[in-house]
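In what follows, a structure is listed as structure tokens, so that the remarks can point back to it.
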Amino acid sequence: MTDKYNFRRKLPKIAVRLILFLVLFGLSFVFVYPFLYIFVNSLKTGDDLYNFTVRWIPRSLDFDNYRIAVSIIDYWQKLLNNFTVTVIASIGQLISCSMAGYAFARYRFPGKKIAFFMMILALIVPIPTIIVPEYITFANFGWLNTYLPLIVPSFFGYGLKGALFIFVFRQFYLGLPRELEEAGKIDGCGFIRIFTKIVFPVSRSSYLVVSVLAIVWHWNDYFEPSMYITEKSKALFSSAIANISAALSLTEGSLETTTGVASSGIDNAVLFAGAFLVVLPILIAFCFLQKGFIEGIERSGLTGE
């Protein structure tokens, strides 16, 4: 009797958890579906791709799509280019935005409210509206066809989504107890020592959140690289994917002879393969960082007050 009574008491909780599990599973499928769709279609042959009876399980796997995509995109060179820009720009934003966020959270200085308002304004103003003066400025510096327009602004708290990262750091620092820094001041620590020895070790979750966001946005950015970089050897993944259709049409004859599949059927499959190769490094990185990223979201103020 006791076991039956305990089971009846736990039944509502079990039902609620089951419903919650089903809801979360449905929502997760909505986000996972595009990646599954891209991956499955990247392995299809030309016949399977345009056969409406073949949905999720191809009749035969065509891994040659990935070989063609790697060749057309010049994958390994673009991977190195993307990695260089993404890592350096992300490091620059971590340094500059964390210090700016700390200043907004802890210090009082003349024009602080105006500076904070301008930062929020930079967050909501779209980049295309100011791209012309930026382009002229970087052209006068002789920075066109280099990665400097994508990297240098990051070290000054600007760059891609810099204002958002400053806001994230500010929200996190506002939640830190001031006693930690006051104890450092009593021991004779200056700003740099307090920031590096006291504030930074307890702020790793916010750094992880900003790191993930910065890496994703810099990796996927298309607009700015397309404006400043025109040389193919320096192009990034975004422009390579945008031009893959044109490259395929130019090599239509060679595709048909090397693969034995009608070029009209393999074109889109190669596009899917190229798209999946581009997002694959980000997916791998997120698999290792997801736990810390979720914990950092909860502690960084993005879901707080």
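The values are calculated or read from the model by the stated rules, or taken from the named source; none is laboratory data. Model, not experiment: these values are computed from the prediction. FYI the Cβ positions are ideal-geometry reconstructions off the backbone, even for glycines, and counts take in every protein chain you see.
Tally up the residues in the range 119-140 that are part of a helix (DSSP H, G or I) and exposed (fewer than 13 other Cβ atoms within 10 Å of the Cβ), please. Within the range 119-140, residues that are part of a helix (DSSP H, G or I) and exposed (fewer than 13 other Cβ atoms within 10 Å of the Cβ) number 10.
Screening Arg108 against (1) of a type in the set (Lys, Arg); (2) surrounded by fewer than 19 Cβ atoms within 10 Å (Cβ to Cβ); (3) in a helix (DSSP H, G or I) leaves a single unmet condition, (3). Within the range 57-89, can you find the residues that are touching a Phe, Trp or Tyr at 6+ places or on another chain (Cβ under 6 Å) and either among the hydrophobic types (A, V, I, L, M, F, W, C) or part of a loop (DSSP other than H, G, I, E, B) (or both)? Val85 - this is the single residue of the range 57-89 that is touching a Phe, Trp or Tyr at 6+ places or on another chain (Cβ under 6 Å) and either among the hydrophobic types (A, V, I, L, M, F, W, C) or part of a loop (DSSP other than H, G, I, E, B) (or both). Annotation: of all residues in the range 226-245 being among the hydroxyl-bearing types (Ser, Thr, Tyr) and in a helix (DSSP H, G or I), the one that is modelled with the lowest pLDDT is Ser245.
Scanning for something of a type in the set (Ser, Thr, Tyr), in contact (Cβ under 8 Å) with a residue 60 or more places away in the chain and not in a helix (DSSP H, G or I), does the range 168-182 turn up at least one residue? So that I can check it myself, show each step before the final result.
Initially, the range 168-182 is screened for residues of a type in the set (Ser, Thr, Tyr), giving 173.
Narrowing the set further to residues that are in contact (Cβ under 8 Å) with a residue 60 or more places away in the chain leaves 173.
Among the residues that remain, those that are also not in a helix (DSSP H, G or I) are: none.
No, the conditions are met nowhere in the range 168-182.
Scanning the range 40-56 for residues that are over 18 Å from Gly274 (Cα atoms), in a loop (DSSP other than H, G, I, E, B) and over 30 Å from the mean Cα position of the chain (by Cα) yields Tyr50, Asn51, Phe52, Thr53, Val54. Can you pull out every residue in the range 29-71 that is exposed (fewer than 12 other Cβ atoms within 10 Å of the Cβ) and closer than 20 Å to Cys287 by Cα? Residues satisfying the conditions are Phe29, Val30, Phe31, Val32, Tyr33, Pro34, Leu36. Pairs linking a residue in the range 14-40 that is closer than 19 Å to Val270 by Cα to a residue that is surrounded by 11 or more Cβ atoms within 10 Å (Cβ to Cβ) and modelled with pLDDT of 85 or more, with Cβ atoms under 6 Å and 6 or more positions apart or on different chains, are Ile38/Phe272; Ile38/Ala275; Ile38/Phe276; Phe39/Phe276.
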